[in-house]
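Structure below; questions to follow.
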Amino acid sequence: MRRSIIGRSWPNAIAVVLFVFFIFPVYWMVSTAFKQNTDIVSKTPVFVPLNGTLEHFDRAVHADGFWTMVGNSFVVTVGAVLASLVIATLASFAVARMKFRGRKTFVLVIMAAQMAPWEVMTISVYLIARDNDMLNSLLPLTIFYMMMVLPFTIWTLRGFIAAVPKELEESAMVDGCTRVQAFVKVVFPLLAPGLMSTSLFGFITAWNEYPLVLILNKQGGQTLPLWLTGFRSAFGDDWGATMAASSLFAVPVLILFVFLQRKAVGGMTAGAVKG
Amino acid sequence: MAATEQIAPPTAGGTPTNGRPTAGPRLLTRIAPYLLLLPAILATLFLLGYPLLKTVLVSFQNLNSRQLVQHLTEWNGFENYTEQLSNGEFWHTTGRSVAFTVVNVVLIMVGGTLVGLLLNRLGKWMRLFLSASLILAWAMPIVASTTVYTWLFDQKYGVVNWLLDKLGFHGMLDYNWFSDQYSTFFVIILLIVWGSIPFVAFNMYAGLTTIPTELYEAARMDGAGSLKIFSSVIFPSLKPFFLATTFLEVIWVFKAFTQVFAMNMGGPQRLTETLPVYAFIEGVSNNHYGTGSAIAVLTILMLGALMAYYFRIILKQEDEL
């Protein structure tokens with residue numbers, strides 16, 4: 001009897017250990033952000049901040065440039081995601097529903113572009129932006145982030161469009177719609193989950209981007225990732241403020257992700273794993 | 001693969017026609033896909049193709065801060081390449097990058113698979129509980145989680161050093177994790193593995209739910225143990241998943257920049273630089289843009305070789321189907 005209880009409960013025991021492993025860094029970030037300074041630098045860590053404070057958040061949101069960076073990050077991210085959604089919807093409709101010469105090549109290029117090594121192309125992007133007098137501006141960031149998320153967006157939307165039964169469109173066309181009308185009235189509304197999940201991943205990518213903004217926008221037009229790393233060195237050992245800043249940076253993504261992940265996981269699997 | 005047939009223009013009666021439609025719509029239908037693709041193609045050419053080309057061009061130039069400021073173009077042939085390829089530092093960094101990728105990917109794949117298997121075994125509530133923590137780890141923005149890890153491993157007040165001290169490793173109480181190459185890498189690898197396992201685990205779990213339970217039962221009836229079931233039922237059914245995920249992780253880890261750079265800027269003494277960080281530091285921080293671009297091109301060639309290998313496998317599989 002005892003043996004079978006142990007036999008049945010070991011997966012649960014491991015699950016608890018893993019739960020702690022995965023959640024602890026997130027918990028530690030948020031809890032540190034609320035702790036009194038004496039609790040942060042105490043020799044024995046305080047695991048539950050009973051006498052919490054908001055002073056670290058206060059310091060973070062009043063730090064130099066915080067709100068400008070919030071604005072910049074939102075402009076760049078939302079701009080990149082919207083632009084890529086428009087371009088990708090057109091392209092993925094062609095790929096999912098039409099037969100044409102060069103279709104396979106296009107699909108292959110998109111697959112390869114999904115893995116483009118932006119991390120090592122920062123130098124040439126810098127030179128391009130400089131030669132066009134666009135350093136420290138939000139425009140190059142927006143269009144390059146758009147390009148970073150575009151292949152994935154096309155790839156995922158293609159799957160979602162292919163999943164909409166063709167007959168729906170056909171019957172709309174029988175009823176007198178043109179092909180464009182059929183798309184707008186029938187397919188587009190059914191794409192809502194696809195659009196949501198793709199924009200979630202686009203949002204995360206652009207919100208997170210660090211190497212490009214690091215080199216392009218040294219003197220202005222900076223975004224939150226840059227602010228956060230700069231904040232850490234500027235505030236040195238002020239871990240309370242640093243963790244408050246990290247929490248503020250992470251919160252929009254965490255919220256979006258928790259709400260949309262169900263749909264997103266399906267999209268991700270369809271896009272990344274199924275060839 | 002998606003359905004790719006064209007929709008025939010319907011006639012009034014709703015039955016497909018075999019008659020000849022007028023030339024106008026015909027032409028339009030023929031060029032419609034290209035019109036729809038045009039924005040995407042233009043974007044890819046100008047925003048991805050051009051930077052790629054520019055990287056290659058700059059890699060053949062002598063471009064340092066003087067040339068950069070004065071807008072000079074000085075071609076120097078293969079000099080940047082011969083300089084790198086005969087440079088011990090480059091090969092060290094390459095070796096380090098490869099080892100870094102292998103360690104990470106093995107840990108991510110093994111860990112992710114095990115967590116996925118566990119998710120499949122857990123009861124509903126326990127699964128929800130564990131999934132919630134995985135989702136949080138997955139959704140953490142990289143810059144934020146990198147910052148959090150430096151706090152967890154802080155020399156004076158980091159909770160990890162306190163825990164190690166409590167567990168009896170008293171030497172670790174004031175240990176500076178970022179003073180040594182291996183311990184810095186340990187923290188970076190832990191961060192990457194922690195952040196990457198959820199993706200693999202969820203996909204693994206999603207894959208497992210598609211395997212018919214009869215297959216397990218049959219295997220168990222034949223007296224197969226867990227290992228045997230994994231190797232003869234699960235692995236063969238999910239082979240495309242393992243292939244695609246491993247490949248994706250290899251590419252992602254090989255390219256990883258933010259975790260390595262934002263953690264300790266490639267330090268101590270440049271000992272944790274992987275290829276992307278090396279290209280960035282040589283090119284941007286040390287103002288050798290030509291050299292940095294040559295390193296970038298070499299990195300792209302390595303990634304390209306990996307991708308070509310993977311695409312070949314995929315295409316072969318498609319042929320078999």
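The values are calculated or read from the model by the stated rules, or taken from the named source; none is laboratory data. These numbers come from a predicted model, not from an experiment. Please note: Cβ atoms are built from the backbone with ideal geometry, for glycine as well, and neighbour counts cover all protein chains shown. Just so you know, the surface numbers come from the protein's heavy atoms only, side chains and all, with ligands and any DNA or RNA stripped out. Shrake-Rupley method; radii C 1.70, N 1.55, O 1.52, S 1.80 Å.
Which ones in the range B:101-155 are assigned to a loop (DSSP other than H, G, I, E, B) and within 9 Å of chain A (Cβ to nearest Cβ)?
B:122, B:123, B:140, B:141, B:154 - these are the residues of the range B:101-155 that are assigned to a loop (DSSP other than H, G, I, E, B) and within 9 Å of chain A (Cβ to nearest Cβ).
Against the condition assigned to a helix (DSSP H, G or I) and more than 10 Å from chain B (Cβ to nearest Cβ), how does residue A:89 come out, does it pass?
So residue A:89 fails the test.
Next up: Hey, can you tell me all the residues within the range B:246-262 that are more than 7 Å from chain A (Cβ to nearest Cβ) and either touching a residue at least 60 places away in the same chain (Cβ under 8 Å) or of a type outside the set (Phe, Trp, Tyr) (or both)?
B:246, B:247, B:249, B:250, B:253, B:254, B:256, B:259, B:260
If I go through the range B:296-321 residue by residue, how many of them are more than 10 Å from chain A (Cβ to nearest Cβ) and among the acidic types (Asp, Glu)?
2
Please give the number of the condition residue A:122 fails out of (1) surrounded by fewer than 21 Cβ atoms within 10 Å (Cβ to Cβ); (2) in contact with a helix residue (DSSP H, G or I) (Cβ under 9 Å, 6 or more places away or on another chain); (3) modelled with pLDDT of 90 or more.
(1)
Taking the condition touching a Leu at 6+ places or on another chain (Cβ under 8 Å), open to solvent by less than 20 Å² (accessible area, probe 1.4 Å), part of a helix (DSSP H, G or I) and modelled with pLDDT of 90 or more, does residue A:257 pass?
Spelling it out, it is not the case that residue A:257 is touching a Leu at 6+ places or on another chain (Cβ under 8 Å), open to solvent by less than 20 Å² (accessible area, probe 1.4 Å), part of a helix (DSSP H, G or I) and modelled with pLDDT of 90 or more.
Checking the condition outside any helix (DSSP H, G or I), within 13 Å of chain B (Cβ to nearest Cβ) and free of Cβ contacts under 8 Å to residues at least 60 places away in the same chain, which residue from A:11, A:45 passes?
The conditions single out A:45.
What residue, of A:100, A:144, is among the aromatic types (Phe, Trp, Tyr), under 23 Å from residue B:28 (Cβ atoms) and either open to solvent by less than 50 Å² (accessible area, probe 1.4 Å) or assigned to a loop (DSSP other than H, G, I, E, B) (or both)?
It is A:100.
So which of B:186, B:178 is part of a helix (DSSP H, G or I), away from chain A (no Cβ under 11 Å), closer than 18 Å to residue A:236 by Cβ and open to solvent by 10 Å² or more (accessible area, probe 1.4 Å)?
None of the others qualify; the one that does is B:178.
Something else now. Please indicate, with yes or no, whether at least one residue in the range B:201-220 is of a type in the set (Phe, Trp, Tyr) and surrounded by 18 or more Cβ atoms within 10 Å (Cβ to Cβ).
yes
Follow-up question, since we're still on this one. Take the residues of the range A:222-240 that are under 17 Å from residue B:156 (Cα atoms) and in contact with a helix residue (DSSP H, G or I) (Cβ under 7 Å, 6 or more places away or on another chain): which is most open to solvent (accessible area, probe 1.4 Å)?
Applying the filter and picking the extreme gives A:235.
Quick grid of which residues meet (1) in contact (Cβ under 8 Å) with a residue 60 or more places away in the chain; (2) at the interface with chain B (Cβ under 8 Å from one of its Cβ atoms); (3) part of a loop (DSSP other than H, G, I, E, B):
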{"residue": "A:109", "(1), (2), (3)": "no, yes, no"}
{"residue": "A:119", "(1), (2), (3)": "yes, yes, no"}
{"residue": "A:135", "(1), (2), (3)": "yes, no, yes"}
{"residue": "A:139", "(1), (2), (3)": "no, no, no"}
{"residue": "A:149", "(1), (2), (3)": "yes, no, no"}
{"residue": "A:155", "(1), (2), (3)": "yes, no, no"}
{"residue": "A:160", "(1), (2), (3)": "yes, no, no"}
{"residue": "A:172", "(1), (2), (3)": "no, no, no"}
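Name the one entry in B:270, B:312 that is of a type in the set (D, E, K, R) and under 30 Å from residue B:70 (Cβ atoms).
B:270
Let me ask something else about it. So, of the residues in the range B:265-295 that are polar (S, T, N, Q) and more than 11 Å from chain A (Cβ to nearest Cβ), which turns out to be least open to solvent (accessible area, probe 1.4 Å)?
It comes out as B:272.
When residues of the range A:174-211 are filtered for being more than 10 Å from chain B (Cβ to nearest Cβ), open to solvent by less than 20 Å² (accessible area, probe 1.4 Å) and not polar (S, T, N, Q), how many remain?
Qualifying residue count, the range A:174-211: 5.
Filtering the range A:6-46 down to residues that are closer than 26 Å to residue B:122 by Cβ and of a type in the set (Phe, Trp, Tyr), which residue is surrounded by the most Cβ atoms within 10 Å (Cβ to Cβ)?
Checking each candidate, the answer is A:22.
Would you mind stating whether residue B:201 is touching a residue at least 12 places away in the same chain (Cβ under 8 Å) and more than 23 Å from residue B:240 (Cα to Cα)?
No, not satisfied.
Continuing with this model, one more query. Do you know which residues across the range B:65-90 are open to solvent by less than 40 Å² (accessible area, probe 1.4 Å) and either in contact (Cβ under 8 Å) with a residue 60 or more places away in the chain or on the phi < 0 side of the Ramachandran plot (or both)?
B:67, B:68, B:76, B:80, B:81, B:84, B:90
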